[in-house]
1. Kindly evaluate residue B:514 against the criterion of being among the β-branched types (Val, Ile, Thr), open to solvent by 30 Å² or more (accessible area, probe 1.4 Å) and either modelled with pLDDT of 90 or more or in a helix (DSSP H, G or I) (or both).
2. Would a scan of the stretch A:136-155 turn up a residue that is surrounded by fewer than 20 Cβ atoms within 10 Å (Cβ to Cβ) and under 20 Å from residue A:72 (Cβ atoms)?
3. Quickly run through the stretch B:83-104 and pick out the residues that are among the hydrophobic types (A, V, I, L, M, F, W, C) and either outside any loop (DSSP other than H, G, I, E, B) or open to solvent by 10 Å² or more (accessible area, probe 1.4 Å) (or both).
4. With the condition kept exactly as written, say whether any residue in the stretch A:519-537 is under 26 Å from residue B:333 (Cβ atoms), more than 9 Å from chain B (Cβ to nearest Cβ) and open to solvent by 10 Å² or more (accessible area, probe 1.4 Å).
5. If you check B:487, B:470, which single one turns out to be at pLDDT 85 or above, at the interface with chain A (Cβ under 7 Å from one of its Cβ atoms) and touching a helix residue (DSSP H, G or I) at 6+ places or on another chain (Cβ under 8 Å)?
6. If the requirement is being in contact with a strand residue (DSSP E or B) (Cβ under 7 Å, 6 or more places away or on another chain), more than 8 Å from every other protein chain (Cβ to nearest Cβ) and either aromatic (Phe, Trp, Tyr) or not in a loop (DSSP other than H, G, I, E, B) (or both), which of these qualifies: B:557, B:566, B:586?
7. Please tell me if residue A:134 is of a type outside the set (D, E, K, R) and either at pLDDT below 90 or within 27 Å of residue A:397 (Cβ to Cβ) (or both).
8. If I filter the stretch B:216-245 down to residues being closer than 20 Å to residue B:415 by Cα, surrounded by 14 or more Cβ atoms within 10 Å (Cβ to Cβ) and not β-branched (Val, Ile, Thr), which single residue comes out as modelled with the lowest pLDDT?
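The values are calculated or read from the model by the stated rules, or taken from the named source; none is laboratory data. These numbers were taken from a predicted model, which means no experiment stands behind them. Positions of Cβ are generated from backbone atoms using ideal geometry, with glycine treated the same way; all protein chains shown enter the neighbour counts. These area figures cover heavy atoms from the full protein model, side chains too; ligands, DNA and RNA do not enter into them. Shrake-Rupley method; radii C 1.70, N 1.55, O 1.52, S 1.80 Å.
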Number of protein chains: 2
Amino acid sequence: MGDKAESEVLMDTSWRVVGSTQDRLRAWWCSCCTLKKRLPILGWLPRYSLGWLQMDLIAGMTVGLTAVPQVLAYAEVAGLPVQYGLYSAFMGCFIYCIFGTSKDVTLGPTAIMSLLCASYIDGDPVYAVLLTFLSGVIQLSMAILQLGFLLDFISFPVIKGFTCAAAITIGFGQVKNILGLQHIPQQFFLQVYYTFHNICQTRVGDLVLGGVSLVLLVLLKLMKEDLRPNEADAPICVRVSRGIVWFFGTARNALVVIAASCVAYACDVSGYEVFTVTGKTSQGLPPFSAPPFTETTWNGTVIPFDEITQDLGSGLVVIPLIGLLESIAIAKAFGSQNDYRIDANQELFAIGLTNIMGSFVSAYPVTGSFGRTAVNSQTGVCTPAGGVVTGVIVLLSLAYLMPLFYYIPKAALAAVIICAVAPMVDCSVIIKLWRVKKLDLLPFLVTFLLSFWEVQYGIVGGIAVSGFMLLYNIARPKLKVSDDDVLVVALDNGLNFPASEYISNVLYTEALLVSPPRSAILDCHHVNNIDYTVVNEIRDLLRQFDLRGVCLVFSGLSIAVLEVLLAAELPGLRHMDSVDAALQSLSGNKAFN
Amino acid sequence: MGDKAESEVLMDTSWRVVGSTQDRLRAWWCSCCTLKKRLPILGWLPRYSLGWLQMDLIAGMTVGLTAVPQVLAYAEVAGLPVQYGLYSAFMGCFIYCIFGTSKDVTLGPTAIMSLLCASYIDGDPVYAVLLTFLSGVIQLSMAILQLGFLLDFISFPVIKGFTCAAAITIGFGQVKNILGLQHIPQQFFLQVYYTFHNICQTRVGDLVLGGVSLVLLVLLKLMKEDLRPNEADAPICVRVSRGIVWFFGTARNALVVIAASCVAYACDVSGYEVFTVTGKTSQGLPPFSAPPFTETTWNGTVIPFDEITQDLGSGLVVIPLIGLLESIAIAKAFGSQNDYRIDANQELFAIGLTNIMGSFVSAYPVTGSFGRTAVNSQTGVCTPAGGVVTGVIVLLSLAYLMPLFYYIPKAALAAVIICAVAPMVDCSVIIKLWRVKKLDLLPFLVTFLLSFWEVQYGIVGGIAVSGFMLLYNIARPKLKVSDDDVLVVALDNGLNFPASEYISNVLYTEALLVSPPRSAILDCHHVNNIDYTVVNEIRDLLRQFDLRGVCLVFSGLSIAVLEVLLAAELPGLRHMDSVDAALQSLSGNKAFN
């Protein structure tokens, strides 16, 4: 009955097909006309209110307090001097305010991007800044060419496998700082080996400070999570104490880092050197200048532009793509939670522009940060204007606080990073995948395991495996075969060239190689598409059936497929509306014979 | 009615699913047991008869007479001394006799493989022989790993585009030999430019001889094609003259080359040097020795194995794959014509073994030759034993005729090649593609045009384009949408992760962004597969619909898909058998509210 209803509905002219070329062109043209889509700020600025301003101020400051210690630590992960974290953290706040489509997303250095950059720039700021510029150019070009759809080919298991593995790599990478170990290599397996090998060189001061920082961060986080919202009639002392807990919980990163720095400073002035500290950093705002296109080494040799790009190599594909992926994934997650939709190509545009402009202020590549976006959202940000406040806080830190950063202990920054990446290790996804779709564990595991080798290999391997799984489904469609006087083969899927040889083989083996040969019906009810390779194979099959005096009848062909088959003028082509009709026509034939 | 029949049929337990893993394992196991499948000679040798022997003898000799001049010419295309053509031409005949599954296929040097080799070996026999060995190892490994299915991803338009372009490249590459020009570069565009640029240096002797050879070859071919079969009651003189025409037509390559060589010899002994001749060749059978794994250059430097393989580079992928493709395509074409099926993995095994053994007798990579296979088939070969005769003729030529090859004019060989590749340029395919499936012109044209740049880029580009077209269909399925009180979206295809974002966007835009929001039905009648990424997106959609107080109902879910959705425990999941039932349930809902 349902099928009948469907076929009736399909005849109805009120149906229309979406996704046609005209549709796309129209959409593109409209988007050209609509300035609002390209400048989302025009959508919310005219409606901006004092209430929003208040919320945005609070959220912006809160994110700022989280951002400053985090980005210092991430610069460490990227293998750059800590001030580069701050250099990279403010441009995105201003640009995203104008061009971003999500109110929550905060652009800036992230743990994963820092890890990826580390493997390409080899601690060289010139490479980092040039990589930022080139990534920005690539992302902007992709936005203009509307290539955001490429992200559709990265499936959920691949993203999960990648983030889990990256979080473990980043988190473990900080253990050496908690232990105060020196000269540990970057590669994950070597890192694990040498961390345990050198564990007897642990510095007690770092270990104690790191451990205390970790415990404090976890406790403050748990306190904040347990906090109930204020009721309207709660007494003032309850509200104030809840406010204090909320503040301590939200600004925990800043508080822990400040406290640890104070301890380190106190030890330093007393003449004890018990902690590994950040050390000397350059002061003040970064200069605004074009990114360097060549590098002069200490001995005067000039490395030309093309050699640097060659060294960056696959980074020029991986960094822009992962940057985009991370940002869009975050924007989508919070859009779904807070009930708005984002525009992937516009996000791409915003990130691209941020990276290009960022390269003028010595930034390394940035993307959306999950942790800070979550803080932003939870604090109740109303518009992307909150980012401006964050940006101003970062700039103020750069201008006035840099001398104090000398005393930040590395162990405290390591604790901040470990707490930031720990929630990304989500083991429950394995159980979910196992329960819902076991096969999807394959791309997950491939991505997860390969990521430990080199984090970018993981994502490439995962995409390859899931692509292969898609193509395998096309190349080897499931066939339902009924064995009677007449062979009936029902296709569950499209009929595309990779499947032509396989299906032809099945028909040949099951209908013609048996004795005596029998007629066959190919039920194409679910086939919506056919190509010339398949038509060619069908021509051949029809000839083979004809040679043996039996028939190959098609049933349930859609109009589009039938048109292609008729245009090919296949000799002996027979088609019926249904398997039933085909069976009747074949038995009629036999009666005739 | 047809659909009703189908759903009834699907309930019927007499249906079985082919292509399951068990199926495959069983097939593999059986193939392990069945020696016959691995040694096809066991299938026909016990039934071998005198009648077959007679036909095989005639066919083998005919192919031998075609092969000797052709392979000398192809060695020239590969940039190797002419004797390497003969070195490569006999091993395949013997091995294919034992391991081949097609009675018609003749392995040996071909025009396309020679062209491909030329771009990798740079005229160096050591590289050529090592490439043969490594290609053989790769092909044999592919056969053992049953990777023959990879060929399914090369579509008909790509094959056609590739062969057309290769034929033009090879054919035009011989124009310089017809004109007697020297020092023309290999690359197609440069070759065209310099051939016309240097046309005033044409040697009249070569031009005349080449032209006459061409005309003779075409005339003899036309004569043979016009030949009617002998009637049983035809007078003896008619039969004899037809036999003579048939012989001249079939052995035309050998006759023309012999005649041209006689003319060249006559001129030479009279002291005139009017033709460019093949010149000195090494004599006798090649030594039987392991392929060289290093090369010592004239100045004593040793090029190690890994450097040679690095130089061969992508050739180690392209040569084995194209070799396989060419051979399988030919075997399939003649199998279809002569009504037998071939086994791709077994063919792969035979070619791989031929190349490995060939490398012991200084062969360059071989594959199935279209021209000689056609001669073999037309002459009425009965079993692969015909190849043994061909192989013996090649060996005899090597042993006794090499001194005579000195006088073969290059222009005559060029004429042989041009006539061999001319039928491969098939313009009618463009008209067919245009009429049947215009979109398939895209991979054809991409392959065709890129092949002129570098012939291997063409096939890679074509595969990429046709792969992209497949994935595009998956990522952007056509949706039929009916606009009523309730939105009905019908999927025409599977529901895989690349499409999840797109479909979710359509539902969101068309059902939730309108005012007031409306319920939607997603008709999954044609959906047979679903993955975790899609399930995740559906979970999100259901929440969005719920937030706005409307429903998202699924209809026509297959059992497999429903199981996945139920396992995911999606809150608010509703499914109905058909669009009709879903519509009714939604209107019932509304009446309730």
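1. No, not satisfied.
2. Looking through the stretch A:136-155, none of the residues is surrounded by fewer than 20 Cβ atoms within 10 Å (Cβ to Cβ) and under 20 Å from residue A:72 (Cβ atoms).
3. B:86, B:90, B:91, B:93, B:94, B:95, B:97, B:98, B:99 - these are the residues of the stretch B:83-104 that are among the hydrophobic types (A, V, I, L, M, F, W, C) and either outside any loop (DSSP other than H, G, I, E, B) or open to solvent by 10 Å² or more (accessible area, probe 1.4 Å) (or both).
4. Yes, the stretch A:519-537 contains at least one residue that is under 26 Å from residue B:333 (Cβ atoms), more than 9 Å from chain B (Cβ to nearest Cβ) and open to solvent by 10 Å² or more (accessible area, probe 1.4 Å).
5. So the residue among B:487, B:470 that is at pLDDT 85 or above, at the interface with chain A (Cβ under 7 Å from one of its Cβ atoms) and touching a helix residue (DSSP H, G or I) at 6+ places or on another chain (Cβ under 8 Å) is B:470.
6. One residue alone meets the criteria, B:586.
7. So residue A:134 does not fit the description; no.
8. So the residue we want is B:224.
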